[in-house]
1. In the range B:94-111, how many residues are at pLDDT below 95 and under 17 Å from B:Thr155 (Cβ atoms)?
2. Out of A:Asp554, A:Asp524, which single residue is modelled with pLDDT under 80, on the phi > 0 side of the Ramachandran plot and either of a type in the set (D, E, K, R) or in the same structural domain as A:Ala470 (by TED's automatic domain parsing) (or both)?
3. If you take the residues in the range A:380-399 that are farther than 16 Å from A:His420 by Cα and either touching a Pro at 6+ places or on another chain (Cβ under 6 Å) or open to solvent by 20 Å² or more (accessible area, probe 1.4 Å) (or both), which one is nearest to the other protein chains (Cβ to nearest Cβ)?
4. Mind checking whether some residue in the range B:226-245 is of a type in the set (A, V, I, L, M) and closer than 19 Å to B:Thr135 by Cβ?
5. Let me spell it out: the conditions are (1) surrounded by 23 or more Cβ atoms within 10 Å (Cβ to Cβ); (2) more than 14 Å from chain A (Cβ to nearest Cβ), and B:Asp274 meets all of them except one. Which number is the exception?
6. Is one or more of the residues making up the range B:10-19 more than 14 Å from chain A (Cβ to nearest Cβ) and either under 25 Å from the mean Cα position of the chain (by Cα) or closer than 22 Å to B:Thr95 by Cβ (or both)?
7. Suppose we keep only residues that are within 24 Å of B:Val28 (Cα to Cα) and part of a helix (DSSP H, G or I) within the range B:50-72. Which one would you say is least open to solvent (accessible area, probe 1.4 Å)?
8. If we only count strands (runs of 3 or more DSSP E) wholly inside the range A:50-118, which ones have 3 or more residues that are over 21 Å from A:Ala278 (Cα atoms) and either modelled with pLDDT under 90 or open to solvent by less than 50 Å² (accessible area, probe 1.4 Å) (or both)?
Amino acid sequence: MSRELFRFRGGVHPPEHKAESNSRPIHPAPLPRKLVIPLRQHIGNPAKPVVEVGQHVLKGQLIGAPDGAISCAVHASSSGTVTAIDVQPVPHVSGLPDLCITIETDGRDEWIAHAPLDPHADPATLRMRLRDMGIAGLGGAVFPADVKLDPGPTQHCPTLIVNGGECEPWITCDDVLMRHRADDILQGVAVMRHLLGSTEVLVGIEDNKPEALAAMKAAAAKMAFPVEIVAVPARYPGGGAKQMIETLTGRQVPSGKLSTDIGVQVFNVGTAYALARAVLHGEPLISRLVTVTGHVLRPQNFEVLIGTPLHTLITLAGDREGTTGVLMGGPMMGVPMPSLDVPVVKATNCLLVKSKELFPPLPKALPCIRCTRCADACPASLQPQELFRFAKAGDFGRAQEYHLFDCIECGCCSYVCPSHIPLVDYYRYAKAEIWAREKDKRASDVARERHEFRLFRIEREKKEKAEKLAAKAQAKRAELATEPEAAGAGAAPTEADAKKALIAAALARAQAKKSETAPKNVDDLTPEQLRQIDEIEARRAKIRELARQPLESDEKKP
Amino acid sequence: MPSPFILDRSSVTQVMAWVLAALVPGIVTYVWLFGPGILVTLALATATALAAEAAMLKARGYPLKPFLTDLSAVVTAWLLALSLPSLAPWWLIVTGTLFAIVVAKHLYGGLGQNIFNPAMVGYAVLIVSFPVQMTHWAGPLELTSAHLSLAQSATAIFGGAPKATLDAVTMATPLDTLRTGLLQQLTVDEVMTKPIFGHYGGTGFEWLAVAFLAGGLALWALRIIGWQVPLAFLAGVWLTAGFLHFYDAGRYGAPWFHLFAPSVMLGAFFIATDPVTGATTPRGKLVFGLGAGFLTMAIRTWGGFPDGVAFAILLMNVAAPLIDQYTQPRVYGGGTEARK
């Protein structure tokens, strides 16, 4: 079974460092005494808390309900008592704290009553159930799965791709998941296939994971529907959804569109597994696999309850002297953790502990020599050297013209740059600046509209007042007119007369207002001063007259 | 410190070092065919370039170490030295190098900022200002009576050698000979009978060209340079020369002669490929190379100088930003429209 593969453009191949953590079995992390569960763990609206402080909750109990179309539920990862619903530090790029529910665990790890779902249920119902189960993408973007599983009005998405790429160095959680739980993953895939109405199911796995490939192939053979397990060349960012689509189908997702627009949907293997747990066992998403690797004694993968503090995992993997920091994610796109007191969330795929040896400090940046290695490595076919130039110069308009917003921040350009320029930082900065300016612009637009509306309102009120006055005046005139009519004069006032009177009245008002508001500077002067002014005016008139004369005589010449 | 947290091991220094290494076969061939004088020229140019670089960095308040060790000044010095006559007087070498580093590089903002290829600016200034000295080439050893040792070459370069000695070892380059011959109403075939012409590009010079070609191919294999610029440059020269030769073989030299005549291989693989001053888009590189190749032939054929590589590259340097602007590649997925 060989499939024609397509090479996506660009990419790099950093040292993989997978062997450190991928050979050990999945190890369950112990139940922590305290779980901190953020209500915002996915893209979209954060969940709304539905429990109160002091309330006892069971494992798998809903504690945050989805809010809006793109949102996802959040559940208690273990049984215990809610001790706080407040703002806590969370592992997010921004470094800003967020609303979390803290649960003091009781150690009983007691499940709420739960039952499997009907995998053949009506798709809309099943999707709602998955949303209530808190199933979100575990590949990185953490997009609510129910939204991605909705193929739209056609109820049909021909190609379903399951992403086992895992192209970031060091990370192996998907690898070990495929090695040990291939059957479950494919059970989840079956449900996805049902919901999307897909006819083709492809599983892309980088060829540096032979064990995962073998396990998945064995599992695929047992499935009732055709699943193609495809080994794809190991090259970063080959595990990116768009790159995976291109590798497997040769098609590119048009800029600004979704993959479903070309009839393809992509899910991470972890999402498929979580979905299987939800459908086959009725378990909401309360745990995930996390790779703990790098500068630790026993790099491995843990099955971790959402809300477990990061330091617990690092202690489990074996703390070592000389740690220089911890990343959440891989070395290419990971985020440095300011503190290890933050909890594991649905997006936490890896904790990479740094040391000076593994991650030497980056050398100082030299000027760009426009060697275009960045452009060669860019999977989005951008011209990073130009984007850098524009971003550095603050020429954000040009940066946008050169498709800044097509940058996926994969870091390939920074990785290959011989001048060691942190290129991605410049793009993030430029994007943030553009967003900030757009926001400012929107704010000023709103302010301007409000101001214009105020002017309009004042104008309208004035008009209404004038109309009212006019109506009153007409009524009065009509009254006056009826009197002589009664006397037999018969000179009925016409519409034109009324209008004329109105205009005259308005003019008089305006005149009065003008003389009132703009006092002449000759008011309040003594007769002596007035006389002087008259003299000056006379002199001026004379001079003007004199000045005009030769001109006139000139003109008279033939 | 945001992502990525790892880097490829490449560095500017490494890139420049590879370029220098790739020049070595050419230099060895040069010494073998034309005598060791070039080594003196190279050393003098290198020393001048580093001193000028250090002085300019100091004057501009830049740290010395990262910029002196990036080897970019040495690359400039070597490229200029290899373009100069090998027994050029010392002041010519120093003037050209100073001009390249001080004016063309640092006055335009230093590494990565210069619009024009510094080595070619140095060369252009010299050929415009000192045409006599610049066409006083050491002849191939095969054709000259006297062979100068390293010390004798140094003496010649530093002005200590009697003029007679110099006259015995210098002669016109093949391009110069061809040009002069054509001006004397000789046909190409008649001129080509002179001993300075070898199989393809001139005695000695053709082997030099082969050595630069080998070094250039190595750079390409190592991914230090792309294939677009050199190939397009050679194609530009070959096609233009071929067209002219086909049009009138009596007045225009054969395309192979022009390819293997001095400076085309050096220009195609080492000078036109300067990323700082060249076009950067894939299609732009092709346009840049083709244009440079065509201009080289245009200047050789109709211009005022026997060789045209330097001016061709400088002219294309001017056009590079425009070329880039009109050859932007299609981005993944078609690209977002910029919000106006």
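The values are calculated or read from the model by the stated rules, or taken from the named source; none is laboratory data. Note that the coordinates shown come from a computational prediction; the quantities given were computed from them, not determined experimentally. Neighbour counts run over all protein chains shown; Cβ positions are idealised from the backbone, glycine included. The area values use the complete protein model at the heavy-atom level, side chains included, leaving out ligands, DNA and RNA. Shrake-Rupley method; radii C 1.70, N 1.55, O 1.52, S 1.80 Å.
1. 0
2. On the way: A:Asp554 fails: on the phi > 0 side of the Ramachandran plot.
After ruling out the rest, the residue left standing is A:Asp524.
3. That would be A:Ser381.
4. Taking the range B:226-245 as the starting set, the residues that turn out to be of a type in the set (A, V, I, L, M) are B:229, B:231-232, B:234-235, B:237, B:239, B:241, B:244.
With the extra rule that they be closer than 19 Å to B:Thr135 by Cβ, the set shrinks to none.
No, the range B:226-245 contains no residue that is of a type in the set (A, V, I, L, M) and closer than 19 Å to B:Thr135 by Cβ.
5. (2)
6. The first filter runs over the range B:10-19 and keeps only residues more than 14 Å from chain A (Cβ to nearest Cβ), leaving none.
No, the range B:10-19 has no match at all.
7. Here the answer is B:Ser72.
8. Details: elements: A:62-65, A:80-88, A:98-105.
Once the strands (runs of 3 or more DSSP E) in the range A:50-118 are filtered for at least 3 residues that are over 21 Å from A:Ala278 (Cα atoms) and either modelled with pLDDT under 90 or open to solvent by less than 50 Å² (accessible area, probe 1.4 Å) (or both), what remains is A:80-88, A:98-105.
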